[in-house]
Amino acid sequence: MLRQAHPSVRLDLLPGRTAADKRAEILTCYRDSWETYERLFNVLGDDEAYYRRADPLRHPLIFYLGHTAVFFVNKLLLAGLLDRRVNARFESIFAVGVDEMSWDDLDDRLYDWPPVAEVRAYRDQVKRIVEDLIAHLPVPSPIGWDDALWTILMGIEHERIHLETSSVLIRQLPLSLVRPSADWPICPQRGPAPAPGWTAIAGGPVTMGKPGDHVLYGWDNEYGRLDVQVASFRAGSLLVSNDEYRAFMADGGYGDERWWTAEGWSWRGFRPSTHPLFWVPQPGDGWNLRCLAEEIPLPGNWPVEVNQLEAKAFCNWKAAREGRPIRLPTEAEWYRLLDLSGLPDQPDREIPAGNLELAGWASSTPVDAHLTAGLGDVIGNVWQWTETPIAGYPGFRVHPLYDDFSTPTFDGQHNLIKGGSWISTGNEATRHSRYAFRRHFFQHAGFRYVDSEQAVEIREDIYKTDELVAQYCEFHYGQERFGVPNFAVRCAEACRELVGGRTIERALDLGCATGRASFELARFCAHVTGIDFSARFIRVCHQLQERGSIRYAIPDEGELVSYHERTLAELGLDGTAGRIEFRQGDAHNLKPQLRDYDLVLAANLIDRLYDPARFLADIGDRVRSGGLLVILSPYTWLEEFTPMDKWLGGRKVDGENVTTLAALRATLGGAFDPVGQPRDVPFVIRETRRKHQHTLSELTVWRRR
C-alpha cells in the first residue's frame, strides 16, 4: 500500500509555528516529491527503457528523469539564488520539450542522451543544492510569489506534475521494459459496471479563481476572479465506465465521422486506433487494461481513460441516441458539482475524499467506490475532461520566473481537466488547480457527461491578459510611428546589405521575440532559426507560421483598447514561413546542434541577459569562419535583468569608465574582427495611443575569423 503523499506546503505560518517548523515542512515536502519521483522511475526494467520513446510526440523518459532537476537549476539561476550552472550541457538538453507543442524538437538525431547513471548523479547533486537553500533561505510569513522560497515551492510542484505525466508515458512502454513493484499496487476491485444514471444539479452562482492571499501554492493561471451563473442541468452520476464506453465502440463509433469534431477526425487519421490507448486487444472480443507496469483483464467498472477528442465523440453519439443536449461539462459546471458535494479542500482535510494523492492504489478504482451527494468521483480516480479551453481569469498575471507555464496554452487548443487522478498530489489535488492539455493528449483522464441547455461560452480574451506580448506584436507587425522605420525590418535589411544581397544558407535570430526579423531574414536566407527565451513570444511565431495571422489588443486610453489583426500575406511574408524554425531557448546555453551559421543577429538582446559576457564568449562557436555576428543594443543596463557586476559597460571598473562598445571590442576581439563603424538604428515602441518610447540602438558588426 502506498503511503500518503505529503500535502501541499501551506504558505502561511500557523499561530505558534516558528520559521524552523516551516523550513522543516518545506524540506519534508521536497524530499517526498524527490523520493516519490525516484520510485516511479524504479519501475523501469533496465536502461533501454529510458531511451525508448513511449509516445511518438514526446521525448524518451531519460529526458523527464533529468528535466525536473534542470528546472530547479534554471529557475534558481533566474531568481538569482545560484550564480553558476551545475552542468551546462544537461541544462540545455533537458530544459524544453514537455508539452506536445510545435516547438518540441523530437528528432532523435539531434540528441546525444547521457547515461542514466550520469543523470542520476546530476539529480543527487541538485538535490544537495536545493536542500542547502531550504536550510538557509529566509522564511517570510506568509511566503509570497516574489519570495525566494516560492522558487523552491515552484520546483516541488513542477516535479509533482511530472510524476503524473511520466507515469502516463511509462504506461505506454512495452511490458518487457517495466517491472511491477509493491510500491505501486493495483486495485483488486474489478467487475461489471453499475448502471449509469443521472443526478439533477440545481443552477446557481459559481466563483472561480484563487485570491492572492490564499494559503496554498498556486500557479499563475489560478489567480484572479471570474463569476459565472450556471443554469440547472443533469450530470452523469458516475464517470463513464469501460463497460459504458464499449457500447460506443460496438456501434462503430470510432469509424463514424458524424460523432467527431473536425479536429477529432483529423486526429483519427494520424492515430487510426479503434479503442482507448490503454486497452490491449485479446483473442476473441476480450480486452486487457495496461496499468503502470502490468496488464490486467479490463475492469468494466473502472472509468474509461481517453483523450478529449474521444470523450467529445462519445458525448455527440450519446446526444444523438437520446435526443438530448449531452456534452462534456464546462469548468464552471464542474465547480458547481464540487460546491454541491461539500467535499473539503486542502489543507482542511486529513485524508482525501476520493482516489487521490497516492493515498491508496496506483490505479483507478470502481466508478461507484467514492460517492458523495449522489455523484461518484467528483474528485480523484481519473481527471475529467471539460468543454472549456483554458484562458486567464480577470486579474491574471504572468509569474516572472515561469512565463511559459500558462500563456502557451491560452490558444484555444488546450482544454481544462479537473478533479485530479489517483497519482495527483500537491497542487494538482486542490480545488483551484487548473491544468490544460491539447485535446489529443493522453493523461490518466476520463469524463462524465452532462445534459444542459446552457450554451458553452468560450472566452477569447487571450491577448487582453498579456500586454507585453501584444506590445511586441504591435512593435513588430504594426504601423510605423513618427516616420521611424520598423526596427525588425531595418535589422534584417541591414543584414542583407552586409551579405551583399546574396542568398545565404543559415541564419540565427537570437532574442527573436514575436518573430518579424526572422520572417524578414527568410527573404534571403535558406534556413532561419529564431530563438527566444519566452514561450509566450514563440507561441506568436508559431501561430503566424501555422495560421498566417495574429490578433491582439493594445491599450489606447485607460481601460480602452483597440483590436488588431496582422497577416503575413499583407506584409509580403507568406512565402517565408517554411524556411524558419522557431524554438524556445536560452541564449546563454544553446543546444549543441545550433552552430555553423553564416549570420547571427542579436537585436536588443545583450542588455537583457543575466550573463552577457558568457554569451559573447560562447557565440563564436556558433558562427562559421567568415560569418557575421550583428549586435544591436541601446545599452540599457538594468539590475532587473543583469546583476551590476555582470554589466558589460555603463559602469566604473577600478575607477575608470567602461563603455559597452569598449567591452564588446575587448570580449569579441579574440575571435572576431569588427566590420565598419557602429551606427544608430532608432526604434519606437507604442505604450498607449499617446505615449511612445523613442530609443536609439547601436548596431555593430563582427566577422568570425
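Each reported figure results from applying straightforward, stated rules to the coordinates on display, with no laboratory input. A quick note: this is a predicted structure, and the numbers were derived from the prediction, not measured. Ideal geometry is used to build each Cβ from the backbone, glycine not excepted, and the neighbour counts take in all protein chains shown.
Structural remarks
- Charge dipole of region 572-705 (Cα centre as origin; +1 on each Lys and Arg Cβ, -1 on each Asp and Glu Cβ, all else neutral): 320 debye, rounded to the nearest 20.
- Farthest towards the positive end of the charge dipole of the chain, among the residues Thr667, Phe615, Thr642, is the Cα of Thr667, using unit charges on the Cβ of Lys, Arg, Asp and Glu.
- Protection proxy ranking of 186-193, 314-321, by the mean of other Cβ atoms within 10 Å over each peptide's residues and highest first, is 314-321, 186-193.
- Label positions at Asn657 and Val489, each projected 7 Å from the Cα along the C-beta direction, are separated by 3.6 nm.
- Segments 621-628, 440-447 sorted - mean Cβ within 10 Å per residue, highest first: 440-447, 621-628
- Ala526-Ser625 FRET efficiency (beta carbon distance; Förster radius 22 Å; 0.05 resolution): 0.70
- For region 24-83, the list of GluC sites (Glu not before Pro) that fall in a loop by DSSP and count at most 15 other C-beta atoms within 10 angstrom is empty.
- Approximate spin-label separation Glu570-Ala353, in nm, with each point projected 7 Å along Cα-to-Cβ: 5.2 nm
- Translational diffusion coefficient of region 237-383 (Stokes-Einstein, Kirkwood radius from Cα pairs, 37 °C, 0.692 mPa s): 195 µm²/s.
- Among Gly360, Leu238, Gly419 the positive-end extreme of the charge dipole of region 198-461 (Cβ point charges): Leu238
- Between helix 487-498 and the chain there is an angle of about 50 degrees, using the helix long axis and the longest principal axis of the Cα atoms.
- Under the Debye formula (equal points on every Cα, no solvent term), log10 I(q)/I(0) of the chain at q = 0.07, 0.11 Å⁻¹: -0.51, -1.24
- Mean separation of Cα pairs under 8 Å and 6 or more residues apart, divided by the residue count, gives the chain a relative contact order of 12 percent.
- Extended-chain gain in nm, criterion 0.36 nm per residue less alpha-carbon gap, Asp285 and Met644: 122.3 nm
- Separation between Cα centres of region 542-584 and region 399-478, rounded to whole Å: 21 Å
- Taking every DSSP beta bridge that has both ends in region 364-520, the antiparallel portion is near 85%.
- In region 459-546, trypsin sites (Lys or Arg not before Pro) in a DSSP loop with at most 12 other beta-carbon atoms within 10 Å: Arg502
- Taking every DSSP bridge with both residues inside the chain, close to 70 percent are antiparallel.
- Here r is the Cβ-Cβ distance between Leu696 and Arg89 and R0 is 56 Å; the resulting FRET efficiency, rounded to 0.05, is 0.90.
- Since only Asn381, Ala577, Ala135 are under comparison, the one whose Cα sits farthest along the positive direction of the charge dipole of the chain, derived from C-beta charges on Lys, Arg, Asp and Glu, is Ala577.
- Charging the Cβ of each Asp and Glu at -1 and of each Lys and Arg at +1, and nothing else, the dipole of region 39-92 about its Cα centre rounds to 180 debye.
- In terms of distances greater than 31 angstrom between alpha carbons, the cross-link table entries Lys22/Lys418; Lys210/Lys691; Lys318/Lys418; Lys210/Lys312 yield Lys210/Lys691.
- Within region 349-408, GluC sites (Glu not before Pro) in DSSP loop having at most 12 other beta-carbon neighbours inside 10 Å: Glu350
- The relative contact order of region 200-289 comes to 22 percent, based on Cα pairs under 8 Å that sit 6 or more residues apart.
- Euclidean distance of C-alpha centroids, region 145-174 and region 293-367, integer Å: 22 Å
- The dipole here belongs to the chain: it is taken about the Cα centre, uses +1 on the Cβ of Lys and Arg and -1 on the Cβ of Asp and Glu, and is about 920 debye.
- In this calculation the C-beta distance from Ala182 to Asp124 is compared with R0 = 22 Å, giving a FRET efficiency of 0.35.
- Packing rank of 237-244, 690-697, where each peptide gets the mean count of other beta carbons within 10 Å, highest leading: 237-244, 690-697
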